[in-house]
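To start, the structure itself, in structure tokens.
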Amino acid sequence: MPLDSLDAIDRRILRELQADGRLSNVELAERVGLSPSPCLRRVRRLEQAGVIRGYRALLDRARLGFGLTLFVAIRIEGHEEARESAVEEAIRAMPEVIACHLVSGEADFLLEIVLPDLAAYEGLLLRRLLRLPGVKDVRTSFVLREVKPPAPLPIAPA
């Protein structure tokens, strides 16, 4: 369902739910100018179409003991499908990796990792990342400070 196929109400629903995914259907309906039943039908349609993939709580990393955030660029030798699949599968199994992207440029994969401290990263690097199939290079950038937290998608009114 492309963005241009969404009407103004669908877009308002998406903006409101990105801002507060815990809104009740009644509250959401009031905010977007619908009665609860049509609002719920629209939300269900957006969920079924895969536009709304889920709902989450945003947690404070530092308060939960994850004081270290890193971005790790991994380059692998060759681009055989089997090797890339094995790397992807291994990365998906690492709970410390909270996001991973296959990228173009100097690296092949860009990982966002959260850990308690530098010692935990040393263990992850030596025991797991450097042992991924075909790893040629691993480059790490340490987050000093978050300048802008993850933001909602910029859905403009129709």
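Quick look at the numbers
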| read-out | value |
| --- | --- |
| Considering residues of region 8-49 that are of a type in the set (Gly, Ala, Ser) and exposed (fewer than 13 other Cβ atoms within 10 Å of the Cβ) only, the residue nearest to ILE155 (Cα to Cα) | ALA8 |
| Enumeration of residues in region 127-148 that are free of Cβ contacts under 8 Å to residues at least 60 places away in the same chain and either out of contact with any strand residue (DSSP E or B) (no Cβ under 9 Å at 6 or more places or on another chain) or not in a loop (DSSP other than H, G, I, E, B) (or both) | ARG127, ARG128, LEU129, LEU130, ARG131, LEU144, ARG145, VAL147, LYS148 |
| Region 63-88: number of residues that are under 17 Å from the mean Cα position of the chain (by Cα) and either polar (S, T, N, Q) or assigned to a helix (DSSP H, G or I) (or both) | 2 |
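Here, each number is a calculation from the coordinates, and none is a lab measurement. Worth saying up front: this structure is predicted, and the values here are computed from it rather than measured. For neighbour counting, all protein chains shown are included, and Cβ atoms are generated from backbone atoms with ideal geometry for every residue, glycine included.
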